[in-house]
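Novice: After the structure tokens below, expect a handful of questions from me.
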Amino acid sequence: MEKVWDYCLFLLKQKIDKEAFETWIKPIEPVKIEDNVFYLKVPNRFFKIWLEENYVNEISSNLSFIKGEKIKISFIIEESEKAFLESNDYLRYEKDINIPYFNPSYSFENFVVGPSNQLAHAACQAVASFPSKAYNPLFIYGGVGLGKTHLLNAIGLYVYKNKIIPKEKICFISSEEFTSQLIDAIRYEKTHEFRKKFRNMDIFLVDDVQFLSNKEMTQVEFFHAFNALFESNKQIVLTSDLFPKDIPNLEERLKSRFEWGLITDIQPPDVETKVAILKKKAGLNRIPLPDDVAFYLASSIDSNIRTLEGSLIRLSAFSSLSGSPISLSMAKEILKNIIKEKDFFVDINKIQKVVSSFFNIKLSTLIGKRKQKNVVFPRQIGIYLARKLTNLSLMEIGERFGGKDHSTVIHSIRKIEKRVNEESSLKDLINILIERIKLSKY
Ligand code: ADP
Ligand code: MG
């Protein structure tokens, strides 16, 4: 086994960059191989999460290559860490598919509420407190890593812990898992049981319904389960990273049902909310996180909360390995790959001046309130660039563009983002504008 692992290390070294290899791969200790599962010991739960999110496929494919058969990986956390985790034993993972597994840390208490998610949060709390009485179905949509799964889990956890619904009547499942259970049911001729199981639930929490896209047979089953539950007044909550009507290759009848109840969205958080989330996570995991570091992370990482958390985990691991406390300079050093430095300082005035002169409209018109047809597009471009090139929050950007509200700002950003991905000419235009903004001396 040790030989296998050594050889695996050798292969991994060629593929993973040096710093990451030293931080994440080196501390792993092989424990045993059993039934094609390779057990690997890691120092703490951050390692486990980080490895599972980033390196597990790489490790298992190398081990499979070496052993000549499919090898799965299981990470074991060192004893002292395990004791901590198991103190939540009433929530321990249970393999039985009828008993849902809730992540104990994805609770309402641990969810930080800010302008970007407060409606979704309130709707979820209402549904958890009064299943089938508030909104049905509740449909939550929002970008990747913004807290959809967290909220869905929180609903399940809440109804379970407060004994509103017994555990066996709670279904908490991803649409992919739904599909894979359906396939198993068909394979083993158990479709009848499959249907019965879902129809018996009192609450149906389904994560990532966008993955139903293109799966015709699953959609049919899902449709029937949905109807049966809805008709007997059972609570349904769905999450998706797309708005129902934007999910491609999804039957119309499903799309329309998804829109029957309340649709609520989660937007990317502003800097203040990001700082609050970081502090919350640091507190929960007992990571000493100085304020300046929290602010640095929050203002430099704008992709999503999962990346934000990943950077915290990385910092924490580095700090415990190196034995020195987390500091701003450590953060800058360790995270230089993740964080794209805002390499030049941009003043929003500069953006507005360049955009207005490029489109040949008056600055006052561009940042005014009126909605003439010819300013809509330049204004969206201006808003998009402000988001991309400054640290201003969505609200501040809205204020600087004629007092637009937060959702209008998001709408503009999304619209341009989508088009930039689809139209190379628009991408060129954006790059030209950025170039001009960089060079401009206004
Ligand atoms: P999604 O399902 O939308 O892709 P997740 O629910 O998995 O995103 O969230 C990604 C990570 O970010 C999780 O660890 C979650 O706990 C955290 N997170 C997201 N939003 C919040 C929030 N408002 N407060 C605290 N943690 C959050
Ligand atoms: Mg999710």
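Novice: Only four residue types carry charge here, +1 at the Cβ of Lys and Arg and -1 at the Cβ of Asp and Glu. Report the dipole size of the chain about the Cα centre in Debye, rounded to the nearest 20.
Specialist: Dipole magnitude for the chain comes out near 1540 debye.
Novice: In whole Hz, with x marking every Gly and Pro, tabulate ³J(HN,Hα) for segment 120-126 from phi via Karplus 6.51 cos²θ - 1.76 cosθ + 1.60, θ = phi - 60°.
Specialist: Coupling constants for segment 120-126: 4, 4, 5, 5, 5, 5, 4 Hz.
Novice: Across segment 69-76, in residue order, what do the Karplus-derived ³J(HN,Hα) couplings come to in whole Hz, using 6.51 cos²θ - 1.76 cosθ + 1.60 with θ = phi - 60° and x for Gly and Pro?
Specialist: Values, residue by residue: 8, 5, 10, 9, 10, 10, 8, 10 Hz.
Novice: Once Lys and Arg get +1 and Asp and Glu get -1 on their Cβ, which of ASN54, SER256, ILE173 lies farthest toward the positive end of the dipole of the chain?
Specialist: About the Cα centre, the residue reaching furthest to the positive side is SER256.
Novice: Under a 1.4 angstrom probe, counting protein chains only, how are LYS67, LYS234, LYS196 ranked by accessible area, largest first?
Specialist: Per-residue accessible area, sorted high to low, gives LYS196, LYS67, LYS234.
Novice: Kindly write out, for segment 223-229 in residue order, the coupling ³J(HN,Hα) from the Karplus curve 6.51 cos²θ - 1.76 cosθ + 1.60 (θ = phi - 60°), rounded to whole Hz, with x marking Gly and Pro.
Specialist: Running phi through 6.51 cos²θ - 1.76 cosθ + 1.60 with θ = phi - 60° gives 4, 5, 4, 4, 4, 4, 5 Hz.
Novice: Which FRET efficiency, nearest 0.05, do GLU34 and VAL113 yield, Cβ-Cβ r, R0 45 Å?
Specialist: Plugging the Cβ-Cβ distance into 1/(1 + (r/R0)^6) gives 0.50.
Novice: Additional query: Taking the alpha-carbon set of segment 323-442, what are its Rg and Dmax in Å?
Specialist: Every Cα atom of segment 323-442 included, Rg and Dmax give 16.3, 60 Å.
Novice: Remind me, relative contact order of the chain in percent, using alpha carbon pairs under 8 angstrom and six or more residues apart?
Specialist: Computed value for the chain: 12 percent relative contact order.
Novice: Could I ask something else about it? Quote the Stokes-Einstein diffusion coefficient, in whole µm² s⁻¹, for the chain, based on the Kirkwood radius over alpha carbon pairs, a temperature of 10 °C and a viscosity of 1.306 mPa s.
Specialist: The estimated diffusion coefficient comes to 64 µm²/s.
Novice: What does the accessible area of MET201 come to, in Å² to the nearest 10, when a probe of 1.4 Å is used?
Specialist: Its accessible surface works out to 10 Å², give or take rounding.
Novice: Shifting gears a bit: Helix-derived [θ] at 222 nm for the chain: sum -39500 (n - 2.57) over DSSP H runs of at least 4, divide by residue count, nearest 500?
Specialist: Taking each H run of at least 4 residues, the total per residue is -16500 deg cm²/dmol.
Novice: If exposed GluC sites (Glu not before Pro) are those in a DSSP loop with at most 11 other Cβ within 10 Å, what is the longest stretch of the chain that has none?
Specialist: After excluding every exposed loop site, the longest remaining stretch is 190-340.
Novice: For the chain, build the charge dipole from Cβ charges (+1 Lys, Arg; -1 Asp, Glu) around the Cα centre, then report which of SER324, LEU212, ILE416 sits farthest towards its positive end.
Specialist: Of the candidates, ILE416 comes out farthest on the positive side.
Novice: If the chain between ASN200 and SER320 were fully stretched, how many nm would it gain, using 0.36 nm times the residue separation less the Cα-Cα distance?
Specialist: 38.4 nm
Novice: Give me, ordered by chain and number, the residues 5 or more places off ILE203 or on other chains with an amide H under 5 Å from its own placed amide H.
Specialist: Close amide H contacts, sequence-distant or interchain: CYS171.
Novice: Could you calculate the contour length gain from ILE186 to MET395, that is, 0.36 nm times the residue separation minus the distance between their Cα atoms, to one decimal place in nm?
Specialist: Full extension from ILE186 to MET395 adds 70.2 nm.
Novice: Here's a follow-up. Size of segment 24-67 along its principal axes in angstrom, Cα-based, largest extent first?
Specialist: Principal-axis extents of the Cα atoms in segment 24-67, largest first: 27, 19, 17 Å.
Novice: Hey, which of these cross-link pairs are over 21 Å Cα-Cα: LYS169/LYS197; LYS133/LYS169; LYS274/LYS332; LYS3/LYS32?
Specialist: none
Novice: Kirkwood Rh over alpha-carbon pairs of segment 109-212, then Stokes-Einstein at 10 °C and 1.306 mPa s: what D in µm² s⁻¹, rounded to an integer?
Specialist: Reported coefficient: 107 µm²/s.
Novice: If I model a spin label at SER357 and LYS418 as a point 7 Å from the Cα along the Cα→Cβ vector, what separation in nanometres do I get?
Specialist: 3.3 nm
Novice: Next question. Give the separation of the Cα centroids, segment 237-300 to segment 175-193, in Å.
Specialist: Cα centres, segment 237-300 to segment 175-193: 30 Å.
Novice: What's the extension gain from GLU2 to LYS332 if we count 0.36 nm per residue and subtract their Cα-Cα distance?
Specialist: 115.2 nm
The values are calculated or read from the model by the stated rules, or taken from the named source; none is laboratory data. Please read these numbers as outputs of a predicted model, since none were measured by experiment. Note that we place each Cβ from the backbone using ideal geometry, even for glycine, and neighbour counts take in every protein chain shown. Accessible surface is based on the protein model in full, side chains and every heavy atom, while ligands, DNA and RNA are left aside. Shrake-Rupley method; radii C 1.70, N 1.55, O 1.52, S 1.80 Å.
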